[in-house]
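Comments concern the structure below.
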2 protein chains.
Amino acid sequence: MKSAVKQKAMDLLNSVKLRRTNPRVAILGVLLAVDRPLTRDQISTRLGRDAPDKVTIYRTLESFVREGLVHRAFLRERVWHFELADDCTEQQCHPHFTCISCGDTHCFTAVTMPMARSPEEGFVIGHQRVQLEGFCPKCNPNA
Amino acid sequence: MKSAVKQKAMDLLNSVKLRRTNPRVAILGVLLAVDRPLTRDQISTRLGRDAPDKVTIYRTLESFVREGLVHRAFLRERVWHFELADDCTEQQCHPHFTCISCGDTHCFTAVTMPMARSPEEGFVIGHQRVQLEGFCPKCNPNA
DNA sequence: AAATATTTGCAACTTAGTTGCATTTGGCTA
DNA sequence: TAGCCAAATGCAACTAAGTTGCAAATATTT
Ligand SMILES: [Zn+2]
Ligand SMILES: [Zn+2]
Ligand SMILES: [Zn+2]
Ligand SMILES: [Zn+2]
């Protein structure tokens, strides 16, 4: 891991008062190094031989979510995809697009969606998630 | 099951040329009788002692999805929720709201969301799903 | 350095959904 | 109506993401 990324990970852990353990720095480093959500399995793969146990990764991600560093971006094929929460508000994050051909996910950070309005009195919409599917430019059959 | 619902189920099966078996009529009848997505487990519960095997329910739902009668409304807690596809277009369905207090799901059929626009050339957005969470009127802490 | 609370790793578990295969059934034909 | 056959069903076994319990290890405090 680049030392700048490592430092950033350390700083983030400090900022939420989580102990700076090796697994946490490593996992946060992976998330800092990519610009899209990752699954637990993808995180393990990126850490290779040094990857912590999957239970540790799940618990670490859960602690990051609890502290607001990370959010659960979306569930796809019954698998959670996690990413840094720095581009999110409490109410919503950017839409996520997954290519049905190659499976790659793209963050549509430049796309803003209006919040759905409650159809009647009484509903409090705390969070909105927008998921997109289709063909990415690489797999676009019309291109 | 009401005979009108049963007849409607039969008609739907005929319309897509699926054999009218007992499990199919029963499952379609359950979906016709509610106005929200149901899980496989909820379908089994509603059918009680006469419920088909869970494998049959999954395969039946899959055949309905294939024929366009039903769609996978959303995945929540790693569980699929299925509903009739009659209020959906190919591109998107109405938003679904789930109460984080009581767990009830509501179809926001009266709420229309604009389709996200591709942030750059080349993306083909085939489907958009909007999921909402919050408090339903029953559980609204401010009411 | 010792004490203590937190974190980690391992094994076992949970559960939604899937697969293989033998049996049954719907719909067609004679 | 009886018989045929592809399609559908049920059961058991399986798969895989994520969770739980607990003993061992580690970060922080004293
Ligand atoms: Zn692609
Ligand atoms: Zn994202
Ligand atoms: Zn509620
Ligand atoms: Zn709905």
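Which of the following residues is exposed (fewer than 13 other Cβ atoms within 10 Å of the Cβ), assigned by TED's automatic domain parsing to the domain that holds B:Leu18 and either touching a residue at least 40 places away in the same chain (Cβ under 8 Å) or under 30 Å from A:Asn142 (Cα atoms) (or both): B:Arg72, B:Arg66, B:Arg40, B:Arg78?
B:Arg66
Look at B:Gly126 and say whether it is outside the structural domain of B:Ala33 (by TED's automatic domain parsing), under 24 Å from A:Ala73 (Cβ atoms) and touching a residue at least 12 places away in the same chain (Cβ under 8 Å).
yes
So for segment A:66-79 (the condition being of a type in the set (Lys, Arg), out of contact with any helix residue (DSSP H, G or I) (no Cβ under 7 Å at 6 or more places or on another chain), within 14 Å of another protein chain (Cβ to nearest Cβ) and within 10 Å of DNA strand C (Cβ to nearest atom)), does at least one residue qualify?
Yes, segment A:66-79 contains a residue that is of a type in the set (Lys, Arg), out of contact with any helix residue (DSSP H, G or I) (no Cβ under 7 Å at 6 or more places or on another chain), within 14 Å of another protein chain (Cβ to nearest Cβ) and within 10 Å of DNA strand C (Cβ to nearest atom).
Is it true that B:Gly134 is outside any loop (DSSP other than H, G, I, E, B), outside the structural domain of B:Leu32 (by TED's automatic domain parsing) and within 16 Å of ligand 3 (Cβ to nearest atom)?
Criteria met by B:Gly134.
I'd like to verify a number: residues in segment B:86-111 that are under 21 Å from A:Gly134 (Cα atoms) and either more than 11 Å from chain A (Cβ to nearest Cβ) or within 15 Å of the chain's Cα centre (by Cα) (or both), how many?
Total meeting the criteria: 9.
Being within 15 Å of A:Ser118 (Cα to Cα) and within 7 Å of chain A (Cβ to nearest Cβ) is the filter here; which residues of segment B:118-141 pass it?
Scanning segment B:118-141 gives B:Val130, B:Gln131, B:Leu132, B:Glu133, B:Gly134, B:Phe135, B:Cys136, B:Pro137, B:Asn140.
Here is a list: A:Cys139, A:Cys107, A:Cys88. Which entry is in contact (Cβ under 8 Å) with a residue 60 or more places away in the chain and surrounded by 15 or more Cβ atoms within 10 Å (Cβ to Cβ)?
Step by step, each of A:Cys139, A:Cys107, A:Cys88 is checked, and only A:Cys107 is in contact (Cβ under 8 Å) with a residue 60 or more places away in the chain and surrounded by 15 or more Cβ atoms within 10 Å (Cβ to Cβ).
The values are calculated or read from the model by the stated rules, or taken from the named source; none is laboratory data. Every value quoted in this text rests on a predicted model; they were computed, and no experiment measured them. Using ideal geometry, Cβ is built from the backbone for each residue, glycine included, and neighbour counts are taken over all protein chains shown.
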